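**Q** Structure below; questions to follow.
FYI, it's all coordinate maths here, none of it is from the lab. Predicted model, so just to flag it, every value in this text is computed and none were measured. Please note: Cβ atoms are built from the backbone with ideal geometry, for glycine as well, and neighbour counts cover all protein chains shown.
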Amino acid sequence: MQLVRQQWAALLLAALVLLGAIWSFPPLVDAVTGALPGEAELVRPFGYVVLAPLSNVLDALTFFSVQRAIVFVAVWTLVLAVGGAAVVWGLVAATLLAPRPVPYVRTLGPGLTILDYHAHTNSSHDGRPGFGPSQMAAWHAVQGFNATYVTDHNVVFSLPIETVIPLLPGVEWSVHRQHIVALGPVREIDRARYSGSTANLLGLFAELHRQGVLGLASLPEYWENHREALEQFVGSGVDGFEIVNCSPKGLEFSRAARQSIIELAVPNNLLVVGASDNHGWGRVTCVWNVSLTGMEGFRANRVLARPVALAQGDAAAWSAPVSQFWLMFRSLDWDERASWLTWIALITIYRAIPRRGGQKAGIGILFRSVFQNRTAQRKDGQT
């Protein structure tokens, strides 16, 4: 009982790590079927696993919807008071800016290409300063992408630039309360012609087809502003819909809403895609697209997503301070769980080592204790 009283936090954390395995879900799922994907797998680098408690927490803090993020930060700032609030905001800053090992996706068969259909550089008004095409390509490459479209806000990308992966031309047009992601060798348009009404907006799809490019409806705008007009989108020539978008606003898209778009896309053979919607903030994506060679429309793409991100649209905002960590524990594999348990054991041992009066805290106490125990064992053996 004394051990429980003294180390209750470590025991609780270890229990959560183990309990998460009972109600675990895969680290990566097909966003359409919810099943473990057969085309690709999520790979965690060695450094990511070694630092799993930090890696997993920063990933979990990345995959937040807007409302859940607000509640999470507000509650933990109040609970931890002034000193602890610095820890919360330090974690937020690390989530957005700190370099660290990240997981990546690799394909499990031939004829598969990992794409991102929607991402930004500093040419977008809300892009991270200094996050140019080269930085964007590096961000994608380290996570397993073979190529990415550059879809800056109302700025056409067509620069022939050497990067670690191909950067494909595109743009994100803002017209009448909607963002349309145009993919391919897109040309400038007069956006005023396609603004002011839904009817004007729908005319953009015909113009994109005249240019020989695809037009996808982006989240969250089509669901928030044009939900009743989606059949008209289809009739006017929309080529597909985002069903996963990693932006905080995009992650508020619910499972039921995603299913309704899938049911619209299947009979009309429309493309459904995931989008990192990265603007240079944060180190990880919540989604990858596996493009299948020789396929068209709905069958041409598989959307693979992190379950922690997919859960945001259905999880209650008030529960975020606790439920986000529970979602994280459920998504760990056994290598990560072993890393967590190792760190918990090391820190618990360190904190339990008696200190002499006035002795400063430090990891050296642990090493000295281990060395002294081994010395004592050798002396006992000699005697």
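**Q** Given a Förster distance of 30 angstrom, what is the FRET efficiency for GLU162 paired with LEU108, based on the Cβ-Cβ distance and rounded to 0.05?
**A** Efficiency for this residue pair is about 0.55.
**Q** Give me ASP30, ASP190 ranked fewest to most by other Cβ atoms within 10 Å of their Cβ, as a rough exposure proxy.
**A** Fewest-to-most Cβ neighbours within 10 Å comes out as ASP190, ASP30.
**Q** Could you give the dipole magnitude of the chain about its Cα centre, charging the beta-carbon of Lys and Arg +1 and that of Asp and Glu -1, in debye to the nearest 20?
**A** In debye, rounded to 20, the chain gives about 2180.
**Q** Here is a follow-up. State to the nearest 20 debye the size of the charge dipole of segment 199-250 about its Cα centre, where the only charges are +1 on K and R beta carbons and -1 on D and E beta carbons. Kindly include the intermediate steps, with their values, before the conclusion.
**A** Values: 3 positive and 7 negative charges, 17 e Å.
Computed charge dipole of segment 199-250: roughly 80 debye.
**Q** Counting alpha carbon pairs within less than 8 Å and at least 6 residues apart, what relative contact order, in whole percent, applies to the chain?
**A** Worked out over the chain, it gives 23 percent.
**Q** Expressed in nm to one decimal, what extension gain is obtained for the pair SER134 and PHE25 from 0.36 nm per residue of sequence separation less their Cα-Cα distance?
**A** 35.8 nm
**Q** Give me THR62, THR107 ranked fewest to most by other Cβ atoms within 10 Å of their Cβ, as a rough exposure proxy.
**A** THR107, THR62
**Q** Rank THR342, PHE205, HIS279 by how far each Cα sits towards the positive end of the charge dipole of the chain (+1 on Lys, Arg Cβ; -1 on Asp, Glu Cβ) and give me just the farthest.
**A** Checking the options against the dipole of the chain, the answer is THR342.
**Q** Where nothing but the Cβ of Lys and Arg (+1) and of Asp and Glu (-1) is charged, how large is the charge dipole of segment 1-135 around its Cα centre, in debye to the nearest 20?
**A** Computed charge dipole of segment 1-135: roughly 400 debye.
**Q** Pairs of Cα atoms under 8 Å, at least six residues apart: use those to get the relative contact order of segment 108-313, whole percent.
**A** Here the relative contact order equals 21 percent.
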